[in-house]
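Read-outs: derived from the displayed coordinates by stated rules, not from any lab. Just so you know, these numbers come straight off a predicted model, no measurement behind them. Using ideal geometry, Cβ is built from the backbone for each residue, glycine included, and neighbour counts are taken over all protein chains shown.
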Amino acid sequence: MATTASGSAKIERQISLPMSQAVKIAWRNITIRLSRAIITGAGTLLGIAFLMSVFTANFVQQAQGIEISAAQQQKNAWLVVMSLLVSVVGITNAMLMSVTERYKEIGTIKCLGALDNFVVRMFLIESGLLGLVGSAIGAAVGMLFMLATGLSVLGQLNWSGLFASFGICILLGTVLSVVAAVPPAIRAAKMPPADAMRTEI
Amino acid sequence: MVTETTVNPNEEESYTGNENVVRVRGVTRTYEVGGQPVHALRGVDIDIKRGEYISIMGPSGSGKSTLFNMVGGLDKPTTGTVFIDEVDIAQLDAFELAWMRCRKIGYIFQSYNLIPVMTALENITLPMIFAGADLDEQMEKGRKLLEAVGIAHRMHNKPMQLSGGQQQRVAIARALANDPAIILADEPTGNLDQKTGHEIIELLKRLNRESGVTIITATHDDKMLNVSDRIVWITDGKIDRIKHRSEVDITVGTVEGGV
């Protein structure tokens, strides 16, 4: 009580929490609301599974000596872009709902001293972690599915290229998940702490 | 009574320092609702002494919540000034406001507002995490606070596993986590039955006496009047009257009938 008794205590600036704390809290938010997290992650999973299956199909056809036409490649690219866009919109939507659900909780932690940038980070990390797990599973599923079509040419496959694609898929899935969560995270951070007081909603 | 509430600014400045933890000077607050200005506060002056237990009463729409948010650093005045611990809150940036909410003010809510995904102990240590305390400090103080509010045996339970009264006790411990100068309690007994509500009020009063923390509540609960040092009535955005406890005739028998 020393600071409160003196009355002369100066106002300081609130410290930013270390990343590890934000990761810890975000991870807990995921595990406790697992069913919602799975649905959010499934968006990334499906989009990335499709992307990886297209990559893998290309490598399989290459190994089989089949020439892929430029028109076909263009069509594939178009489909991949569309599917990823759908994933992004899905994630944004799921995260927006998650923010609305936690309206009071966000107001409360702001009352307890959370900075806006902590709230933003919390939601971005949460979405990023979901994206990481979702795209890792999605990439594995997409790859295995397409490899099953080319079992006879597994020996001639460009494995290093394939694994590079795998890495690209995971990176892309994670980045897109984080980007998709930016609007919801900013909305959460803008919430006035006084709203925690409100009893209706 | 009028002399109690009238403020002479010149006299006031001569002995600033520790006496008043909150000073509200000529505060108005106007909102825009659908393009129409709504005057929530129309000129409010009040001093709240360190260690005081104050209840703010008033019907909904009276400006009670606005004043309450103002003294709790959750809202800024349209005109006038609010000093919390001698600091003009209008001058603070977001980082300083967050620091003040974290260290100077403890919040208690009508619906408890515990973080559902965290245990009782984790809820209490959260404000300490925001204050940058190390883990040992958090655990030791968290335990101590849980003992002080009488629920040490439920420290590893999640809020859902606790009764309303127990949740509010956790919330009170959380509000005390960083030794605040002020505890802001918004209808702390609003969701509780008479008996539990009474226990919570007793607990708040005990903490007020023991640690000297200033308690400001917004309430409809007549039980709260018994323990308040002063009661402030707000009507139409202005202070209607301020009374000391001794001036208020409270008959506890009417409490049951009034609810």
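Structure summary
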{"quantity": "Given charges at Cβ of Lys, Arg, Asp, Glu: segment A:1-123 dipole, positive-most of A:Ser20, A:Ser87, A:Ile39", "calculated": "A:Ser20"}
{"quantity": "Efficiency of FRET between B:Thr81 and B:Glu147 - r from beta-carbon atoms, R0 56 angstrom, step 0.05", "calculated": "0.90"}
{"quantity": "Principal-axis tilt of helix A:70-101 within chain A, Cα atoms, nearest 10 degrees", "calculated": "20"}
{"quantity": "Three-way shape call for segment A:32-194 based on the alpha-carbon gyration tensor, with the a/c threshold at 1.5", "calculated": "prolate"}
{"quantity": "Under 22 Å, Cα to Cα: Lys pairs in chain B, sequence gap 8 or more or different chains", "calculated": "27"}
{"quantity": "Sequence-separation-based contact order of segment B:42-90, relative, with Cα cut under 8 Å and 6+ spacing, percent", "calculated": "21"}
{"quantity": "Nearest-ten-degree value, helix A:34-63 long axis tilted from longest Cα axis of chain A", "calculated": "30"}
{"quantity": "Sites A:Gln156 and B:Leu135 - FRET efficiency at Förster radius 60 Å, r taken between beta-carbons, to 0.05", "calculated": "0.65"}
{"quantity": "Taking segment A:1-145 and dividing mean pair separation by its residue count, relative contact order in percent (alpha carbons under 8 Å, at least six apart)", "calculated": "51"}
{"quantity": "Principal-axis tilt of helix B:94-103 within chain B, Cα atoms, nearest 10 degrees", "calculated": "60"}
{"quantity": "Whole-number percent relative contact order across chain B, with pairs defined as alpha carbons under 8 Å at least 6 apart", "calculated": "26"}
